[in-house]
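Before any comments, here is the structure.
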Amino acid sequence: MFALVDAVSFYASAEKVFDPSIRNRPVVVLTNNDGCICAVCPIARRLGIPKFKPYFQVKWLLDKHDVVVRSSNYELYADLSDKMMAVIARYCDKQHIYSIDESFLVFNNYQNIISDWHAYGHEIRRAIWKETRLPVGVGFGSTTTLAKAANHAAKKLTGFNGVAVIDSPSSAKAVLTRMAVNEVWGVGRRIAKKLTARGINNAYQLAQQNPKAMRKEFSVMIERTVHELNGITCLSWDEVKPAKQEIFSTRSFGQRIMDIHALQAALTSHGAIVAKKLRQQGSLVKKLIIFASSSPHDENYYKQAISYRFSQATDNNCDIATAITSALSDIFVPGVRFYRCGVGAIELQSRAFQQADLFLPAQTNPALMACLDKINKRYGQGTLKVAAQGQSDNWQMKRNFLSPQYTTCWRDIPKIQC
C-alpha cells in the first residue's frame, strides 16, 4: 500500500501557522516580485479569488473581500515543510519527499498491522495538525497513481473529509469516475486534450483503455498510467536522485537596473547560487551562460546572452565571478532598463571523474569553497561572499507583503506575553 500526504494550499496555510489573527480570514500568497497569485486558501477560494492571475488585475477583488495578501516567505515555508516531513516519516516504512508539500509513503510492513486505513489517515492528519498546525489531505492506494488520485479525492471531492482510500475496484470506480482525465498524475494538458477528443473524459474511462494501444498512440508513460489505475504497480522513484544536467539561477528585479555595477552584483549573486548547487551535487561546470534582458513588454525589448567556456571545469565562486565580469561589457548597454538576469551552468562534469589538464594547475580550491559553505550555513546565507556581489540589495526581488520569518530569523521569533 502507498499513500500521498499533501498540504492544503501549503503557502497560504503556512502563513496562518504563527498568525492566529488571520486563520479565519481569506489569504492569498504572491509569486516573486509580488507578480501573480500562487496560493489561495480555501476561504479565499470560496470567495471566487482566482489562482495564477496577476496581482494588479485582481487587486480590486482582493480589496473588496478584505483578503490578506502575503509575499512568498520561502524561508518560513522550507522550515515548516521540514517539520511536516519529519512527522510524516514516523508513520511509514519508507518516505519519498515529492515536493515541498507532498510526500509519498510506503507501507511494506504495515499490511497486516493496520486494519483501518481511514482511521490511520486521520491519525496522520491529527499528528501533523497538532505539531505543525498545517492541514493536509491523505490518500491511500495500491499504486502511487491511485494514491495520488485518492489524495485528490480527500482534498477536493465531497464525502471524504480529508482521507480517501482506494483499495478495491469499487472504491477505485467511486473516485475515478469523479476525476477529470487532466487531473490524473502523469497526464499533461496536451495529452488530456487528445484523450478528451477520443471521448475519454475521466480517469475511470482512461483505466478501461487497452494499455498497449495507449502506448502505441501516446507513450509508454500513458501505458504505465493505465496499468497503475488498474492496481498494477509500474511507477517508482529513484532511490538515488540523479544529478541535474543543467543548473540555472534567474529572477526578475524588484526595481529596474540601469547601472553596470548593480547588474554585475546581481549576476555574480546568481553565479554564487549556481556554484553552491554545483557543489551540493558534486558537479563542475565547463560552460556557463550569462544573460540579461529588459521586459518583453518594453517598446524596445533587449536581450543578450553570452556563453563562457572554462579551460578547466569549476565550482568555485571566484572563477564564476571572473567569467561574469569578462562577459559584462558585452551584456550591458547604457540606457537599457534591465528587468531580468540570470546565470546557467549548461555543460556539467562529475567532480569524481574530472579530467585534469597536465599543463594547468588545479584551480577549483575545494577547501576554500567548503569553508565558505560552512560559514554561510552557520551564520546565514550571504555572510561570506565574493566582493563583486556588492553590499546593496536594491536589485533583490520585491516582497512588499512579506510576513516575519518566525523560525529562521532571530528578530522574528514569536514573543508570547504571559
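Give me log10 I(q)/I(0) at q = 0.10, 0.14, 0.17, 0.21 Å⁻¹ for the stretch 66-221, Debye formula, one equal scatterer per alpha-carbon, no solvent.
At q = 0.10, 0.14, 0.17, 0.21 Å⁻¹ the computed log10 ratios are -0.44, -0.81, -1.07, -1.32.
Quick one: what does P(r) look like for the stretch 122-194 with 10 Å bins over all Cα pairs, in whole %?
Whole-percent P(r) values from 0 Å outward: 21, 46, 26, 7, 1.
Where Rh denotes the Kirkwood radius from the mean inverse Cα pair distance, what is Rg over Rh for the stretch 1-119?
On the way: Rg = 17.2 Å, Rh = 15.9 Å.
Rounded to two decimals, Rg/Rh equals 1.08.
At 222 nm, what value in deg cm²/dmol follows for the chain if DSSP H runs of at least 4 each add -39500 (n - 2.57) and the sum is divided by all its residues, to the nearest 500?
Working: 14 runs with 157 residues, N = 418.
Value at 222 nm, helices only, nearest 500: -11500 deg cm²/dmol.
Just to confirm a number: summing +1 for Lys and Arg and -1 for Asp and Glu over residues other than Arg279 whose beta-carbon lies under 9 angstrom from that of Arg279, what do you get? Write out the running numbers ahead of the final one.
Details: positive: Lys276, Lys277, Arg351; negative: Asp315, Asp373.
Result for the local shell: +1.
Which residues' amide hydrogens lie under 5 Å from the amide hydrogen of Leu30, considering only partners 5 or more residues apart or on another chain, with H built in the peptide plane?
Residues meeting the amide H criterion: Cys38, Arg70, Ser71, Ser72.
Write down the radius of gyration of the chain and its Dmax, each obtained from C-alpha positions, in Å.
In order Rg, Dmax, the Cα atoms of the chain give 24.6, 71 Å.
Relative contact order, percent, of the chain when contacts are C-alpha pairs under 8 Å separated by at least 6 residues? Let's see the in-between values first.
On the way: 728 pairs, mean separation 64.2, N = 418.
Reported relative contact order: 15 percent.
Could you tell me the distance between the Cα centroids of the stretch 283-330 and the stretch 46-117, to the nearest Å?
The two parts, judged by their Cα centres, are 35 Å apart.
First check a/c for the stretch 192-290, with a ≥ b ≥ c the square roots of the eigenvalues of its C-alpha gyration tensor; if it is under 1.5, answer rounded, and if not, answer prolate when a/b is larger than b/c or oblate otherwise.
prolate
For the stretch 88-139, build the charge dipole from Cβ charges (+1 Lys, Arg; -1 Asp, Glu) around the Cα centre, then report which of Tyr91, Thr132, Phe104 sits farthest towards its positive end.
Farthest towards the positive pole: Thr132.
Suppose we keep just the DSSP beta bridges with both residues in the chain; what percent of those would be antiparallel, to 5? Could the numbers behind the result be given before it?
Details: 46 of 54 bridges.
So the antiparallel bridges amount to about 85 percent of the total.
Only the coordinates and a few stated rules stand behind these numbers; no lab work does. None of the values given here were measured: they were computed from a predicted structure. No Cβ is skipped: glycine too gets one built from the backbone with ideal geometry, and neighbour counts run over all protein chains shown.
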